[in-house]
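Got a structure here, written out as structure tokens. Questions coming.
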Amino acid sequence: MGMSKSIRNLRNSASSIASGAIASASLAAVLAGLLAPAISQGQQKPPPPNPNAPTLAMPYPMGMQRGATLEILLTGGNLANPTGFWASFPGKVAIPTEDKNGADNAKLKVRLEVPADAPLGVYAIRLANKQGVSNLRLFCVDDLPTIAEVDASRNKAAAQLVSVPCVVAGKADAEVSDWFKIAAKAGQRLSFDVLGRRIGSPIDPQISLYHGKTLRELAHDNDSPGSQSDARLSYLFKESGEYLIEIKDVLNRGGADYVYRLRIGELPLATATVPMAAKRGSKVQVQFAGPQVEGVAPVEVAVPADPAQTVVWVSPKGPSGHYGWPAPLSLSGMEEKVEQEPNHEPAKANRLPVPGGVTGRFQMSDDTDLYVFGAKKGQKLTVEAQTLELGSSTLVYMILKNAKTGAELAKSNPQAAPPADQKIDFTAPDDGDYLLEVQHLNFLGGPSEVYHITIEPARSEFEVALLADRADLAALSVAAFPFQVTRRGYAGPIDVSVVAPANLTGSTTVKAGQAAGTLLVRSKGDVPLGPVPVVIHAKATVNGQAVTVPVSTRAPISAALANLPYPPLHLHAHAAIGIKEKAPFALAVKTEAAEAAPGLAANVTITAMRGPGFAEDIVLNPPQGLPPNVPAPKLGTIAKDKTEFKFPLPMNAKTPLGDYVLIFSGKAKVGKNDVNGDPSPLLLTVTLPFELKVGPAPVNLKPGDKAKVKIMATRKAGYKGPIAVELRNLPAKVTAAKSAIPQDKTEVEVELAAAPDAAAAEAKNVDALGTATALNNLQSASPPIAVRVQKK
């Protein structure tokens with residue numbers, strides 16, 4: 001089916017805590033296992049990384065063959081005195097002790113052993129020392145033997161000869177190319193797959209293939225579709241001989257982190273699975289989309305039923321017996337279908353269940369796939385396409401029509417920001433069938449152009465996202481994970497808690513309408529030093545249904561992987577805690593008043609508690625988790641002969657009300673080393689400067705009578721100024737003069753008078769409005785009372 005001119009034109013335009021002491025009773029309750037408060041609103045900044053924790057450079061090589069043992073030399077900073085190496089792949093890990101290994105901050109040997117049946121793919125690794133846990137790095141487990149690049153490979157004339165099949169572990173230098181030489185036979189087709197950006201390297205690789213004698217370029221690729229700017233190509237050799245391969249960064253960049261893995265062999269180059277999603281607990285035959293997948297046998301997958309698992313990685317096996325790089329199979333809770341051709345006209349549209357999903361493919365350029373589904377009048381539905389995040393480079397354009405009349409009802413907006421560009425929110429105007437037209441935004445077609453579409457009842461939902469994917473924890477202290485909340489139609493409370501491992505605990509509740517919070521995690525008893533993966537979930541009751549979702553770490557994981565747009569799906573909720581040694585000092589933080597108010601300064605005292613044998617200066621770090629509009633204070637040093645540091649923390653007049661968890665820390669010299677102290681949390685409640693109450697109530701008057709009430713104030717945040725008060729919403733012909741609660745006082749008496757001709761009436765919403773005339777005229781109203789005018 002073709003497209004109308006107007007639709008084509010539209011698409012053309014769219015294409016162009018304190019350690020050992022707690023700062024307040026509230027926080028003591030937190031560490032006793034009660035709920036920690038959540039921040040009310042505002043965008044938080046990610047906390048800075050622990051400067052004493054290890055920093056891992058890109059591992060080299062960034063992978064190993066399964067069934068083998070590898071001794072890898074890690075490089076970076078703060079690598080000395082390691083307490084553990086964590087890897088998400090199955091196998092054995094050891095840190096050798098010979099040759100003073102573990103004494104050098106810049107390098108560390110780790111011995112890895114991976115079983116022969118380990119699944120292919122990308123895994124996570126971290127290192128911990130006595131002060132914290134490292135940044136995340138990725139590591140590959142492959143079925144191909146690894147060949148390390150040699151320095152001479154920078155010279156075309158001395159290109160490094162590599163056997164086929166293999167994976168070359170390379171590292172790009174600036175302004176030069178890496179050259180490799182292979183032998184190929186006439187009629188042989190080889191695939192070349194550069195893993196760079198996909199494994200977190202900053203390299204933007206390009207690959208060129210040359211004839212070994214004539215040096216004529218035979219093939220070139222940069223930004224292969226579905227590979228996040230990595231390069232891939234497949235070439236059928238017409239004659240036997242030697243051939244040259246050139247690898248370089250597109251912008252001629254290079255350095256220690258510009259690593260890559262070049263897979264060479266008779267390999268499929270799959271980008272996505274077909275189907276792209278499968279229902280949990282089912283069995284599916286998985287085929288593949290992408291170059292060189294013809295003849296690849298389907299893979300039977302027993303889909304896990306675990307609702308916490310979101311993806312299975314499936315590897316295509318080539319005719320040679322070697323595997324192509326795995327592609328993601330997304331896990332779903334609803335029925336999933338695969339498009340059945342032909343479906344390019346309404347009479348042959350594939351019927352879809354609601355809720356349900358379908359995997360489709362644009363077989364040819366300008367192809368249109370049609371689907372039909374039923375809906376009830378007033379039913380709200382969401383139609384959404386998933387492509388890039390599942391490995392496909394396809395961009396989808398959708399049009400929703402009345403199946404009977406053909407009238408257009410809604411369409412996706414290619415100019416919206418992702419993921420809204422491939423989404424339709426729709427309310428059915430009548431009972432009946434609806435037709436969904438699906439087209440490629442750029443008119444492309446072919447075996448690689450696959451997509452996944454879901455049709456579900458619209459639902460209110462939420463997402464909780466950590467601002468950092470790691471934190472550090474010492475005994476009797478806390479680890480802090482600040483987070484943001486994104487709400488889509490749900491404004492109620494959300495519980496955020498640690499669910500694994502069992503020896504860590506922490507929970508907090510995000511109050512209704514709030515958009516941020518901080519989760520404080522502590523240990524149960526003794527936990528061995530080292531890196532510990534942690535699982536955090538968010539729970540809420542939405543429209544009467546219990547909803548549990550993993551807390552996302554996608555943003556910090558992406559940042560850790562050189563801002564990779566689509567990090568591996570199985571790492572979207574990965575977080576880690578480094579169990580570290582207790583610092584030689586602790587901080588306790590408290591405020592003079594129990595609350596703070598916009599426009600007033602909160603007077604803060606930080607008390608240092610030094611351990612035995614420690615008597616050094618403590619340099620205070622800027623606090624984390626400050627309310628919006630509150631600048632970070634410049635803190636000083638608690639001198640070695642002092643135990644306290646006091647400072648005012650000014651609240652901006654526009655500081656939002658709510659509960660905030662501020663994290664304080666300090667650093668000191670221990671010998672020649674800088675040591676960061678354990679974090680100390682402070683609960684800061686920003687509130688209005690007073691609360692009002694009116695009494696006695698109710699007030700009963702007869703026409704012509706008078707009555708007196710008291711307006712009583714509970715002062716907060718140290719506010720002592722006057723409070724102007726007035727009674728509002730009085731019955732007709734009942735008056736009360738405006739008054740004021742004097743400075744430093746807590747009540748004032750106000751007289752009500754009913755006019756002689758006042759009619760019998762009752763007002764149940766009478767309240768007192770107070771104004772802090774000495775503090776930006778902040779206002780607070782009392783709870784309502786009833787005032788009645790009775791008959792004579």
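The values are calculated or read from the model by the stated rules, or taken from the named source; none is laboratory data. Predicted, not measured: the structure shown is a model, and the values here were computed from it. FYI the Cβ positions are ideal-geometry reconstructions off the backbone, even for glycines, and counts take in every protein chain you see. These area figures cover heavy atoms from the full protein model, side chains too; ligands, DNA and RNA do not enter into them. Shrake-Rupley method; radii C 1.70, N 1.55, O 1.52, S 1.80 Å.
Take segment 548-561 and flag every residue that is open to solvent by 40 Å² or more (accessible area, probe 1.4 Å) and in contact with a Ser or Thr (Cβ under 9 Å, 6 or more places away or on another chain).
Pro550
Write out, first by first residue and then by second, each pair whose Cβ atoms fall under 7 Å of each other, whose residues are 6+ apart or on separate chains, and whose first residue, in segment 327-351, is under 14 Å from Tyr371 (Cα atoms) while the second is part of a loop (DSSP other than H, G, I, E, B) and open to solvent by 70 Å² or more (accessible area, probe 1.4 Å).
Close Cβ pairs (under 7 Å, with a partner that is part of a loop (DSSP other than H, G, I, E, B) and open to solvent by 70 Å² or more (accessible area, probe 1.4 Å)) amount to Glu341/Gln363; His344/Met1; Glu345/Met1; Asn350/Gln340.
OK, next. Does Ser234 fit the bill of being among the small types (Gly, Ala, Ser), out of contact with any Gly (no Cβ under 7 Å at 6 or more places or on another chain) and assigned to a strand (DSSP E or B)?
Yes, satisfied.
Let me ask another. Identify all residues within segment 497-512 that are outside any strand (DSSP E or B) and either among the hydroxyl-bearing types (Ser, Thr, Tyr) or crowded, with 19+ Cβ neighbours inside 10 Å (or both); write none if there are none.
Selection gives Gly506 alone.
Can you tell me how many residues in segment 146-156 are open to solvent by 50 Å² or more (accessible area, probe 1.4 Å) and farther than 21 Å from Leu215 by Cα?
4
Go through segment 339-370 and give me each residue that's surrounded by fewer than 16 Cβ atoms within 10 Å (Cβ to Cβ) and of a type in the set (A, V, I, L, M).
Ala347, Met364
While we're here: Identify all residues within segment 707-732 that are farther than 30 Å from Pro756 by Cα, buried (at least 16 other Cβ atoms within 10 Å of the Cβ) and of a type in the set (Val, Ile, Thr); write none if there are none.
Of everything in segment 707-732, just one residue is farther than 30 Å from Pro756 by Cα, buried (at least 16 other Cβ atoms within 10 Å of the Cβ) and of a type in the set (Val, Ile, Thr), namely Ile723.
OK, next. Just to check your reading of the model, which residue among Pro550, Pro568, Pro598 is modelled with pLDDT of 95 or more, in contact with a Leu (Cβ under 7 Å, 6 or more places away or on another chain) and not acidic (Asp, Glu)?
Pro598
Kindly provide the set of residues from segment 240-254 that are part of a strand (DSSP E or B) and hydrophobic (A, V, I, L, M, F, W, C), ordered by number.
Selection gives Leu244, Ile245, Ile247.
Run Arg470 past the list (1) surrounded by fewer than 19 Cβ atoms within 10 Å (Cβ to Cβ); (2) charged (D, E, K, R); (3) within 30 Å of Gly132 (Cβ to Cβ) and report the number of the one that doesn't hold.
Failing condition for Arg470: (1).
What tally of residues in segment 225-252 results from selecting those that are polar (S, T, N, Q) and in contact with a helix residue (DSSP H, G or I) (Cβ under 6 Å, 6 or more places away or on another chain)?
So the answer is 2.
Now for a different question. Considering only segment 169-198, how many residues are closer than 18 Å to Asn222 by Cβ and either open to solvent by 60 Å² or more (accessible area, probe 1.4 Å) or not acidic (Asp, Glu) (or both)?
15
Sticking with this structure for a sec: Select from segment 394-416 the residues that are at pLDDT 95 or above and closer than 24 Å to Thr271 by Cβ and list them in ascending order.
Passing the criteria: Thr394, Leu395, Val396, Tyr397, Met398, Ser412.
Would you call Thr454 hydroxyl-bearing (Ser, Thr, Tyr), assigned to a strand (DSSP E or B) and at pLDDT 95 or above?
yes
Going by the conditions given, is Ile741 under 26 Å from Ala601 (Cβ atoms) and β-branched (Val, Ile, Thr)?
yes
Now for a different question. In segment 597-612, what residues are assigned to a loop (DSSP other than H, G, I, E, B) and on the phi < 0 side of the Ramachandran plot?
Those that are assigned to a loop (DSSP other than H, G, I, E, B) and on the phi < 0 side of the Ramachandran plot: Ala597, Pro598, Leu600, Gly611, Pro612.
Strands (runs of 3 or more DSSP E) wholly in segment 258-354 with at least 2 residues that are β-branched (Val, Ile, Thr) - which ones?
259-265, 272-274, 283-289, 299-302, 311-314
Working only within segment 359-391, note down all residues that are among the charged types (D, E, K, R), under 22 Å from Thr427 (Cβ atoms) and part of a strand (DSSP E or B).
If the condition is that a residue be among the charged types (D, E, K, R), under 22 Å from Thr427 (Cβ atoms) and part of a strand (DSSP E or B), then Lys380, Glu384 are the ones that fit.
Continuing with the same structure: Step by step: first the residues of segment 96-118, then only those that are more than 23 Å from Pro51 (Cβ to Cβ), in contact with a strand residue (DSSP E or B) (Cβ under 7 Å, 6 or more places away or on another chain) and in a loop (DSSP other than H, G, I, E, B), then the one that is most open to solvent (accessible area, probe 1.4 Å). Which residue is that?
Asn101
Let me ask another. Taking Leu209, is it part of a loop (DSSP other than H, G, I, E, B) and of a type outside the set (Gly, Ala, Ser)?
When the stated conditions are applied, Leu209 does not pass them.
Against the definition (open to solvent by 10 Å² or more (accessible area, probe 1.4 Å) and assigned to a strand (DSSP E or B)), how does Asp425 come out, yes or no?
Considered against the rule, which asks whether it is open to solvent by 10 Å² or more (accessible area, probe 1.4 Å) and assigned to a strand (DSSP E or B), Asp425 comes out as yes.
Also: Within segment 676-697, how many residues are over 30 Å from Lys764 (Cβ atoms) and buried (at least 21 other Cβ atoms within 10 Å of the Cβ)?
9
Take the residues in segment 613-634 that are farther than 12 Å from Leu662 by Cβ and outside any loop (DSSP other than H, G, I, E, B); name whichever of them is most open to solvent (accessible area, probe 1.4 Å).
The selected residue is Val619.
Is it the case that segment 635-645 has a residue that's surrounded by fewer than 21 Cβ atoms within 10 Å (Cβ to Cβ), at pLDDT 95 or above, outside any loop (DSSP other than H, G, I, E, B) and of a type in the set (D, E, K, R)?
Scanning segment 635-645 turns up at least one residue that is surrounded by fewer than 21 Cβ atoms within 10 Å (Cβ to Cβ), at pLDDT 95 or above, outside any loop (DSSP other than H, G, I, E, B) and of a type in the set (D, E, K, R).
Still on this structure: Among the residues of segment 513-547 satisfying the criterion of being within 21 Å of the chain's Cα centre (by Cα) and outside any strand (DSSP E or B), which is surrounded by the fewest Cβ atoms within 10 Å (Cβ to Cβ)?
Gly513
Quick grid of which residues meet (1) among the basic types (Lys, Arg); (2) exposed (fewer than 14 other Cβ atoms within 10 Å of the Cβ):
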residue	(1), (2)
Met276	no, no
Lys279	yes, no
Pro291	no, no
Val299	no, no
Ala302	no, yes
Ala308	no, no
Val311	no, no
